[in-house]
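Taking it in order: structure first as structure tokens, then the write-up.
The values are calculated or read from the model by the stated rules, or taken from the named source; none is laboratory data. Model, not experiment: these values are computed from the prediction. Every residue, glycine among them, receives a Cβ derived from its backbone with ideal geometry; neighbour counts consider all protein chains shown. Remember, those area values only see protein heavy atoms, side chains included, never the ligands or the DNA or RNA. Shrake-Rupley method; radii C 1.70, N 1.55, O 1.52, S 1.80 Å.
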Amino acid sequence: MNTPSPASAARLPVLVMGCGAIGRMHIERIVRHPDVTLAGIADPADASRALASELGVPWSADPLELLDRGHARAVIVATPNHTHTDLGVACIERGLPVLVEKPVADTVADAARLCEAAEAAGVPLMVGHQRRHNPILRQARALIAQGALGQPVSATAMATWLKPDSYFEAAWRRTLGGGPVLINMIHDIDLLRFLLGEVVSVQAQTSNRVRGFEVEDTATAMLRFENGALATLVVSDAAVAPWNWDLAAGEADHYAQQDVDSIFLTGTEGSLTVPRLQLFRYQGARGWHEPLSQARTPLHRLDPYAEQLRHLRAVAEGREKPVCSGRDGLRTLQTTLAVHEAARTGAAVTLSPA
């Protein structure tokens, strides 16, 4: 259960730009959250106007019009990727802390421009990689920091499932940039960065063999981390399989949760699965003939989107630093775009500092 922030009794007014699937998800949580209130909805669709009327909040097709009304104290940008930078900069210019949905922008250059604007103005910029707010990942990160794995050696991340044909009725999901690398794999890349640190190089392959669209339906990537660990990632939205974070972690009620893991981490002292948090270690003699002990850490479920809203208020009020900053989001985007570049060229891509 959410508990109100101790900072003040009044809830933080948050403007939501974009009323697609992710925008509506934010709105649904804002209206029942103890720390924030809905300052308005900016979206050109008639359905968004109807929703604003139903909720009794201001609406406009023009996001800047609502910004200039001055009701908001923070903004969530959930519009198409190519609009993130300009809208984010507009919020920053008005001194409004902003949470930009992932990816932070559609190019590294635009993401850098947004980060530079926030840094120059001293206005908080957050990126909506909501998994970082899940207690499962926080516990996994704590276990790794405490040395449960020893020196990290490898990671395997799977995001395999079947999207229905109706999903592809939207034309942008059949064209470059609309595939599972930028929609799904980007989450696993950010998750592994959160747990293991920075990525220094990427190799990858993609395929569109199943559906034949311009965009990929399947991709694999290999990441090398600064600490020497290697990770393999596979994503496919054309496979009948339960091995993905969304089905395994139970973050959203509209997915039927599966009792499986989708992330596997190994180290010199132990191994860990996520999201079930199964930890395997030797208790005595070490070696492949010796038995491994197994422990599992059950946690209470917590809606990471609701926790992200609590965090948004805390950041806006200066009480917390962003869990996923603009620079963090930029680095995750840079790594994800490198998957496409590596697949296109057939060569490893070395990542420069973000």
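Quick notes
- Full extension of the chain segment joining Glu269 with Met222 gains 14.7 nm, where the gain is 0.36 nm per residue of separation less the Cα-Cα distance.
- Taking all protein chains into account, the per residue accessible area for the stretch 273-317 stands at 59 Å² (1.4 Å probe).
- Viscosity 1.306 mPa s, temperature 10 °C, Stokes-Einstein D of the stretch 121-176 from Kirkwood C-alpha radius, µm²/s: 101 µm²/s
- Degrees, to the nearest 10: 326-345 long Cα axis against longest axis of the chain: 60 degrees
- Stokes-Einstein diffusion for the stretch 213-349, with the hydrodynamic radius set to the Kirkwood value over Cα pairs and evaluated at 10 °C in a medium of 1.306 mPa s, equals 86 µm²/s.
- Rounded to the nearest 10 degrees, the inclination of helix 135-145 to the longest alpha-carbon principal axis of the chain is 50 degrees.
- Computed FRET value (nearest 0.05) for Thr175 with Ala252, which takes r as the C-beta separation and R₀ as 30 Å: 0.70
- Since only Ala74, Ala171, Cys19 are under comparison, the one whose Cα sits farthest along the positive direction of the charge dipole of the chain, derived from C-beta charges on Lys, Arg, Asp and Glu, is Ala74.
- Translational diffusion coefficient (Stokes-Einstein; Kirkwood radius from C-alpha pairs) of the chain at 4 °C, 1.567 mPa s, in µm²/s: 61 µm²/s
- Extension gain, His71 to Thr37, is 11.2 nm, computed as 0.36 nm per intervening residue step minus the present C-alpha separation.
- With 0.36 nm allotted per residue and the present C-alpha distance subtracted, the Thr297-Val153 stretch has 49.7 nm of extension available.
- Using R0 = 25 Å, the C-beta based FRET efficiency linking Phe213 and Leu55 works out to 0.10.
- Taken about its Cα centre, the stretch 258-321 carries a charge dipole of about 140 debye when Lys and Arg each add +1 at the Cβ and Asp and Glu each add -1 at the Cβ.
- Computed over protein heavy atoms with a 1.4 Å probe, the accessible surface of the stretch 121-190 works out to 38 Å² per residue.
- Charge tally in the Cβ shell below 14 Å around Ala118, where Lys, Arg are +1 and Asp, Glu are -1, Ala118 excluded: -2
- Isotropically averaged projected area of the stretch 121-269, using the convex hull of Cα atoms (one quarter of hull area), nm²: 10.9 nm²
- FRET efficiency estimate (nearest 0.05) - Cβ-Cβ, Val260 to Gln205, R0 22 angstrom: 0.35
- Rounded percent of accessible protein surface that carbon and sulfur make up, the chain, 1.4 Å probe: 53 percent
- Net dipole in debye of the chain [+1 Lys, Arg Cβ; -1 Asp, Glu Cβ; about Cα centre; nearest 20]: 820 debye
- Placing a pseudo-label 7 Å from each Cα along the Cα-to-Cβ vector at Phe280 and Ala347 gives an inter-label distance of 3.8 nm.
- Taking every DSSP helix (H) stretch of at least 4 residues in the chain, weighting each as -39,500 (n - 2.57) and dividing the sum by the residue count yields a mean residue ellipticity at 222 nm of -9500 deg cm²/dmol.
- Share, in percent, of DSSP beta bridges within the chain that are antiparallel, nearest 5: 55 percent
- For the peptides 76-83, 221-228, residues were scored by their other Cβ atoms within 10 Å and the scores averaged per peptide; the highest-first order is 76-83, 221-228.
- Euclidean distance between Cα centres, the stretch 37-92 to the stretch 293-342, Å: 23 Å
- On Cα atoms only, tilt of 108-121 relative to the major axis of the chain in degrees: 60 degrees
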